[in-house]
Amino acid sequence: MENWEASYIAGIIDGEGTVTLSRVHENEFRRPFITIASTDIELLVYIQSLTGGTIINKKNYNPERHKDSFILTIKKKETVFFLLKKITPYLRVDKKRKRAELILNNYNNVTSRKENIAQNY
């Protein structure tokens, strides 16, 4: 991924994205997720081509008033860590940058892992 692509994705995440820890299943450790919501499917498909992930269509309960909306979810740990390492220097929203830094710097300290996944990226 080129630096300009990382900075572009960081801008999209600053505006329409989330960096968080969440569980997929109740009995597992929290893991990092990146999500981006948009009504522009073309934008999400482009970002997906760079990062992977899954795009879902959110249910539109009032199509006369609202556009269809979509969510790109990136939850593969290796991909999330790679992407966070690339985009964190470009994040401008303080809360999102700090959360990304906390995940990168502390993930292995707060979850039981055999491998040091955060340090590999």
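Coordinate-derived values only; no laboratory data. This structure is a prediction, so every number in the text was calculated from the model and none was measured. Cβ coordinates were reconstructed from backbone atoms using ideal geometry, including for glycine residues, and neighbour counts include every protein chain displayed.
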Those residues of region 31-50 which are closer than 14 Å to Lys76 by Cβ and either of a type in the set (D, E, K, R) or surrounded by 20 or more Cβ atoms within 10 Å (Cβ to Cβ) (or both) amount to Arg31, Pro32, Phe33, Ile34
Step by step: first the residues of region 51-99, then only those that are within 21 Å of Ile41 (Cβ to Cβ) and among the hydrophobic types (A, V, I, L, M, F, W, C), then the one that is surrounded by the most Cβ atoms within 10 Å (Cβ to Cβ). Which residue is that?
Leu83
From the residues in region 78-94 that are touching a helix residue (DSSP H, G or I) at 6+ places or on another chain (Cβ under 6 Å) and charged (D, E, K, R), which one is nearest to Ser7 (Cα to Cα)?
Lys86
